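Enquirer: Handing you a structure now.
Each value in this text was obtained by applying a stated rule to the coordinates, not by laboratory testing. Not measured: the values here are computed from a predicted model. Ideal geometry is used to build each Cβ from the backbone, glycine not excepted, and the neighbour counts take in all protein chains shown.
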């Protein structure tokens with residue numbers, strides 16, 4: 001198999017020991033790389049009794065066959081570990097050049113375990129690995145950390161690091177790379193912090209061998225042009241290069257897919273200010289593309305003056321939706337500034353926004369008082385209070401700030417008084433900014449996700465209805481009617497297929513955004529075959545996605561996730577919105593849909609893959 005090294009670099013921080021593991025060829029044939037390889041490592045090395053913040057937990061930084069390939073979307077890479085947010089396996093994808101540089105060192109993945117006796121960072125310079133002192137970096141924000149490391153060892157090193165949130169073990173701390181991309185979900189920054197690992201800096205020069213390099217080159221040229229032309233042919237307000245993910249606001253508002261007032265409303269006055277075209281105009285947007293990307297959906301923004309002035313990476317849809325729309329805030333500069341603070345401290349903005357909205361509603365209903373909120377008036381639309389409370393959370397200030405940094409489940413446990421009724425989390429994780437009342441399949445996907453709780457990117461079937469996305473190679477084509485968004489008839493099929501698709505993408509590793517700009521699974525399969533020489537067909541590809549998902553589910557079961565987790569749905573989402581596109585609609589019958597989902601997968605009534613299904617996936621060695 002070409003396009004991979006079949007080697008993993010391993011660092012034991014406790015003993016400051018570095019080693020190299022040669023992978024059996026079958027591992028990457030079965031699990032591709034990225035998310036699949038990470039799941040394989042956890043299965044073999046992280047038993048049930050190991051806690052997420054234990055030295056014995058592994059954190060896996062993994063590439064796939066696409067890293068180093070100059071194709072739009074191939075700058076992604078994946079981090080896998082056991083999550084401190086819900087004590088089960090978690091996968092988070094990130095972009096920029098770190099994964100490319102790791103692949104150029106001659107390794108497919110880095111596996112770190114143990115705990116250093118003092119703060120350290122790992123330097124990987126081609127084949128030379130050094131565990132370096134990071135005492136002078138501990139306490140620095142993520143952006144300053146990257147600058148300091150590059151000043152010390154060279155600007156051409158790619159850096160992934162944590163900020164103070166990860167050091168202080170906040171349950172939804174993220175990992176920062178390039179001062180612009182974030183492994184946000186599941187609290188994997190806290191795993192690094194628990195190991196006294198501040199950063200990993202990588203520089204490489206090696207070139208992996210492709211089975212058919214000329215075909216790879218031709219496909220890259222074709223794909224890169226196609227994605228650019230498809231995006232630019234869209235109406236101005238829907239172009240990624242001009243607006244990034246802010247193009248989603250108006251589209252989502254039309255179908256009841258915005259989170260407003262902690263998921264209570266359809267829209268609110270001024271909501272359009274947090275979306276295209278206002279976003280680009282207000283924040284002075286410049287495209288900030290990942291390496292080799294022609295889509296350029298990332299934005300560098302500049303707010304030159306005022307109380308929220310800053311320069312840096314602009315907020316994605318998920319960030320401003322959860323920290324803005326969900327609090328009924330219309331001040332985009334304030335929302336962007338709060339998101340910027342979260343970025344440099346290293347905190348997931350989805351979970352942060354969910355905690356802020358819960359706090360606002362708790363204040364409204366008397367569960368929280370001014371004494372709890374540091375004197376802040378947490379009233380809907382109050383942008384200044386949102387910024388100040390965000391700072392309290394990021395700095396882990398005693399009281400409400402610290403507790404909200406532990407996540408919604410801890411906030412409900414601590415404050416109680418019926419506040420679980422408006423705490424919107426699902427399958428162990430704060431719910432992202434896509435409403436199951438707009439498309440029922442979103443809720444089913446959140447409940448049954450096997451690699452990071454209720455996560456919109458680990459199976460995103462809502463895009464069938466929200467973004468008109470299709471996977472014709474996998475049997476999801478134009479036969480779908482819009483009325484199905486509020487039906488369970490084909491929900492299991494759509495959810496399962498998109499969960500497998502997400503694992504394929506996260507294991508290759510590739511970017512899902514290009515799939516809405518002309519890129520298809522045909523392009524992915526053709527490129528994969530040209531890279532590896534495996535000559536797969538679509539059945540092989542889909543089977544790999546199912547095999548990875550099955551292993552992830554087996555990991556969940558090992559870590560104590562059961563049918564109860566798959567059937568605990570947020571009460572708020574079962575309350576109808578009073579008006580708008582989905583007025584009066586709730587995903588009634590969703591728990592029965594979970595049973596149907598189990599049957600569709602060929603699992604037993606408790607959501608356990610049968611031995612027959614496990615053997616069908618070629619996973620006999622995982623039967624226990």
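Enquirer: Determine the relative contact order of the stretch 7-203: mean sequence separation of Cα pairs under 8 Å and six or more apart, normalised by residue count, in whole percent. Intermediate results must be reported in sequence, preceding the final value.
Expert: Details: 490 pairs, mean separation 44.5, N = 197.
The normalised contact order for the stretch 7-203 reaches 23 percent.
Enquirer: What do the square roots of 5 times the Cα gyration tensor eigenvalues come to for the stretch 410-566, in whole Å, largest first, as semi-axes of the equivalent ellipsoid?
Expert: Details: eigenvalues 180, 74, 34 Å².
Square roots of five times the eigenvalues give 30, 19, 13 Å.
Enquirer: Ok, one more. Full extension from residue 29 to residue 70: what is 0.36 nm times the residue separation minus their Cα-Cα distance, to one decimal in nm?
Expert: Difference between extended and current length: 12.6 nm.
Enquirer: Hey, another quick one. Can you compute the modelled spin-label distance between residue 16 and residue 128, with each label point 7 Å from Cα toward Cβ, in nm?
Expert: Each label point is offset 7 Å from its Cα along the Cβ direction, giving 1.7 nm.
Enquirer: So what is the 222 nm mean residue ellipticity for the chain from helices alone, if each DSSP H run of at least 4 adds -39500 (n - 2.57) and you divide by all residues, rounding to the nearest 500 deg cm²/dmol? Before the final figure, lay out each step's value.
Expert: Working: 24 runs with 234 residues, N = 624.
So the calculated ellipticity at 222 nm is -11000 deg cm²/dmol.
Enquirer: How high is the relative contact order of the stretch 288-360, in percent, counting Cα pairs under 8 Å that sit 6 or more residues apart?
Expert: Values: 88 pairs, mean separation 18.6, N = 73.
Worked out over the stretch 288-360, it gives 25 percent.
Enquirer: How much FRET efficiency would the formula 1/(1 + (r/R0)^6) give for residue 311 and residue 615, where r is the Cβ-Cβ distance and R0 is 60 Å, rounded to 0.05?
Expert: On the way: r = 55 Å, r/R0 = 0.92.
Approximately 0.60, to the nearest 0.05.
Enquirer: Rounded if a/c is under 1.5, else prolate if a/b is larger than b/c, else oblate: which is the stretch 239-425, with a ≥ b ≥ c the root eigenvalues of its Cα gyration tensor? All intermediate terms of the calculation are to be shown ahead of the outcome.
Expert: Details: a/c = 1.97, a/b = 1.61, b/c = 1.22.
Prolate, because a/c is 1.5 or more and a/b exceeds b/c.
Enquirer: Continuing with this model, one more query. Report the antiparallel proportion of the DSSP beta bridges in the stretch 7-203 as a percent, rounded to a multiple of 5. Kindly include the intermediate steps, with their values, before the conclusion.
Expert: Details: 35 of 46 bridges.
Given both bridge residues lie in the stretch 7-203, the antiparallel proportion sits at roughly 75 percent.
Enquirer: Is the stretch 485-555 best put as rounded, prolate or oblate by its Cα gyration tensor, with a ≥ b ≥ c the root eigenvalues, rounded for a/c under 1.5, and otherwise prolate when a/b is larger than b/c, oblate when not? All intermediate terms of the calculation are to be shown ahead of the outcome.
Expert: Values: a/c = 2.01, a/b = 1.36, b/c = 1.48.
Because a/c hits 1.5 or more and a/b fails to exceed b/c, the stretch 485-555 counts as oblate.
Enquirer: Moving on to the next point. Could you work out the per residue convex hull volume over the alpha carbons of the stretch 397-439, in cubic angstrom? Spell out each step's value before the answer.
Expert: Working: hull volume 3.3 nm³, N = 43.
Convex hull volume per residue, Cα atoms: 77 Å³.
Enquirer: Between residue 588 and residue 605, what length in nm is gained on full extension when 0.36 nm per residue of separation is reduced by their alpha carbon distance? List each step's numbers first, then the result.
Expert: Details: separation 17, 0.36 × 17 = 6.12 nm, distance 2.01 nm.
Length gained between residue 588 and residue 605: 4.1 nm.
Enquirer: So how far, in whole Å, is the C-alpha centre of the stretch 583-608 from the one of the stretch 80-99?
Expert: 26 Å
Enquirer: Sticking with this structure for a sec: Alpha carbon centre of the stretch 443-499 versus the stretch 1-72: separation in Å?
Expert: 29 Å
Enquirer: Taking the number of other C-beta atoms within 10 Å as the exposure measure, put 534, 352, 394 in order starting with the fewest.
Expert: Working: 534 15, 352 31, 394 25.
Ordered from fewest to most neighbouring Cβ atoms within 10 Å, 534, 352, 394 come out as 534, 394, 352.
Enquirer: Also, quick follow-up: Kindly provide the Kirkwood hydrodynamic radius of the chain in Å, to one decimal, from all pairs of distinct alpha carbon atoms.
Expert: 24.1 Å
Enquirer: Now, a different point. Once the principal axes of the Cα atoms of the stretch 219-302 are found, what is the range along each, listed largest first in whole angstroms?
Expert: Computed over the stretch 219-302, the largest-to-smallest principal extents equal 46, 29, 21 Å.
Enquirer: Additional query: Please list the equivalent ellipsoid semi-axes of the stretch 7-203, computed as the square roots of five times the alpha-carbon gyration tensor eigenvalues, in descending order and whole angstrom.
Expert: The answer is 22, 20, 16 Å, longest axis first.
Enquirer: Sorted by packing (mean other beta-carbon atoms within 10 Å per residue), highest first, where do 88-96, 547-555 land?
Expert: 88-96, 547-555
Enquirer: Please report the antiparallel percentage of DSSP beta bridges with both residues in the stretch 122-270, rounded to the nearest 5. Write down the numbers at each step before the final one.
Expert: Working: 14 of 18 bridges.
Taking every DSSP beta bridge with both residues in the stretch 122-270, the antiparallel ones total about 80 percent.
Enquirer: Same structure again: Could you work out Rg/(2.2 N^0.38 Å) for the stretch 166-248, with Rg from alpha carbons only? Mind dumping the intermediate values first?
Expert: Working: Rg = 19.2 Å, N = 83, 2.2 N^0.38 = 11.8 Å.
Its radius of gyration relative to the 2.2 N^0.38 Å reference: 1.63.
Enquirer: For the stretch 553-613, state the average projected area of the convex hull of the C-alpha atoms over all orientations, rounded to one decimal in nm². Write down the numbers at each step before the final one.
Expert: Working: hull surface 20.6 nm².
Averaging across all directions leaves 5.1 nm² for the Cα convex hull.
Enquirer: Would you kindly state how much longer the chain becomes between residue 478 and residue 218 on full extension, computed as 0.36 nm times their sequence separation minus their alpha carbon distance, in nm to one decimal? Present the calculation step by step, with values, prior to reporting the outcome.
Expert: Numbers: separation 260, 0.36 × 260 = 93.60 nm, distance 2.92 nm.
So the chain would gain 90.7 nm between residue 478 and residue 218.
Enquirer: Moving on to the next point. Which value in Å does the Kirkwood hydrodynamic radius of the stretch 489-624 take, with 1/r averaged over all unlike C-alpha pairs and then inverted?
Expert: Values: mean 1/r = 0.0580 Å⁻¹.
The Cα-based Kirkwood calculation yields 17.2 Å.
Enquirer: With a 10 Å Cβ neighbour count serving as the proxy for reagent exposure, in which order, fewest first, do 620, 430 appear?
Expert: Values: 620 10, 430 28.
Neighbour counts put them in this order, fewest first: 620, 430.
Enquirer: Could I ask something else about it? Note down, for the stretch 184-225, the three equivalent ellipsoid semi-axes (square root of 5 times each alpha carbon gyration tensor eigenvalue), biggest first, whole angstrom. Intermediate values should be presented prior to the final figure.
Expert: Numbers: eigenvalues 269, 51, 15 Å².
Listed largest to smallest, the semi-axes of the stretch 184-225 are 37, 16, 9 Å.
Enquirer: Averaging over all projection directions, find the projected area of the Cα convex hull of the stretch 484-524 and quote it in nm² with one decimal place. Walk me through the numbers on the way to the answer.
Expert: Numbers: hull surface 13.7 nm².
Its average projected convex-hull area is 3.4 nm².
Enquirer: Can you give the Kirkwood hydrodynamic radius of the stretch 158-308 from its Cα pairs, in Å with one decimal?
Expert: Working: mean 1/r = 0.0532 Å⁻¹.
When all Cα pairs of the stretch 158-308 are included, the Kirkwood radius is 18.8 Å.
Enquirer: Ok, one more. With a ≥ b ≥ c taken as the square roots of the eigenvalues of the C-alpha gyration tensor of the stretch 448-528, please select rounded if a/c is under 1.5 and otherwise prolate if a/b is larger than b/c or oblate if it is not?
Expert: It comes out oblate by the Cα gyration axes.
Enquirer: Order these peptides, 148-155, 283-290, by their mean beta-carbon neighbour count within 10 angstrom, highest first. Mind showing how you got there, number by number?
Expert: Numbers: 148-155: 14.9, 283-290: 17.8.
So the order, starting with the most tightly packed, is 283-290, 148-155.
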